[in-house]
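A quick write-up on the structure given underneath.
The values are calculated or read from the model by the stated rules, or taken from the named source; none is laboratory data. None of the values given here were measured: they were computed from a predicted structure. Note: ideal-geometry Cβ built from the backbone for every residue, glycine included; neighbour counts use all protein chains shown. SASA here: full protein model, heavy atoms, side chains in, ligands and nucleic acids out. Shrake-Rupley method; radii C 1.70, N 1.55, O 1.52, S 1.80 Å.
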Amino acid sequence: MGRKENAGLQLVSQGITEMDVLEQEIIDQMPLRNFLYRQAGHAAIADRVKMPSGPRAVWEDMPNPLGLPWRPAIRSVGDRYYNLHLSFPQMLLDTANTDPSILDLKEDISRRSNDFFERLRLFRTALESNTPALNPMEARHA
């Protein structure tokens, strides 16, 4: 019915518990799936989505993306699987950064400006600065 009504469902999850509330029929009708790096729990998810052993082995062997300029991923389109290296604009990576020391910097910057783009500029300047007080990543690794 969804295709006839131009409806869709995008399920974003870090585990299988959210999938457990969906009937298998719904999961089976999702032709597009993205699988990003995860440390563990591949088997339960792979079994639930009926992922073949080849793509599952690739997924289980993905490198930890921390520090990489790209993110490993697998995309399934129907029965076909594709190995991807996803890249993102620096602005998006800066916005999504949740390192505890980075969050402190973001909080400090948010007190200085209400403008989103100005905050991003201040954030990038602080990270590129060699001043430990402005760059918590430098201070943490010193």
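Against the definition (at pLDDT 90 or above, out of contact with any Gly (no Cβ under 9 Å at 6 or more places or on another chain) and either open to solvent by 70 Å² or more (accessible area, probe 1.4 Å) or more than 30 Å from ALA57 (Cα to Cα) (or both)), how does LEU122 come out, yes or no? Talk me through it step by step, then tell me what you get.
Working: at pLDDT 90 or above: yes; out of contact with any Gly (no Cβ under 9 Å at 6 or more places or on another chain): yes; either open to solvent by 70 Å² or more (accessible area, probe 1.4 Å) or more than 30 Å from ALA57 (Cα to Cα) (or both): yes.
Taking the combined requirement at face value, the residue satisfies it.
Could you tell me whether the stretch 69-82 includes any residue that is free of Cβ contacts under 8 Å to residues at least 24 places away in the same chain and closer than 30 Å to THR125 by Cα?
Checking the stretch 69-82: at least one residue is free of Cβ contacts under 8 Å to residues at least 24 places away in the same chain and closer than 30 Å to THR125 by Cα.
Would you check which residues across the stretch 39-48 are farther than 13 Å from MET19 by Cβ and either at pLDDT below 90 or surrounded by fewer than 12 Cβ atoms within 10 Å (Cβ to Cβ) (or both) and list them?
Of everything in the stretch 39-48, those that are farther than 13 Å from MET19 by Cβ and either at pLDDT below 90 or surrounded by fewer than 12 Cβ atoms within 10 Å (Cβ to Cβ) (or both) turn out to be GLN39, ALA40.
From the set of residues in the stretch 77-112 that are farther than 30 Å from PRO52 by Cβ and in contact with a Pro (Cβ under 7 Å, 6 or more places away or on another chain), which is surrounded by the fewest Cβ atoms within 10 Å (Cβ to Cβ)? Don't jump to the end; show me each part of the working.
Of the stretch 77-112, the ones farther than 30 Å from PRO52 by Cβ are 89-112.
With in contact with a Pro (Cβ under 7 Å, 6 or more places away or on another chain) added as a condition, the list becomes 101-102, 104-105.
Values: SER101: 15, ILE102: 18, ASP104: 11, LEU105: 20.
The qualifying residue surrounded by the fewest Cβ atoms within 10 Å (Cβ to Cβ) is ASP104.
What is the residue count in the stretch 16-33 for residues that are polar (S, T, N, Q) and under 22 Å from TYR82 (Cα atoms)? Don't jump to the end; show me each part of the working.
Taking the stretch 16-33 and keeping what is polar (S, T, N, Q), we get 17, 24, 29.
Retained after the next criterion (residues that are under 22 Å from TYR82 (Cα atoms)): 29.
Counting residues in the stretch 16-33 that are polar (S, T, N, Q) and under 22 Å from TYR82 (Cα atoms) gives 1.
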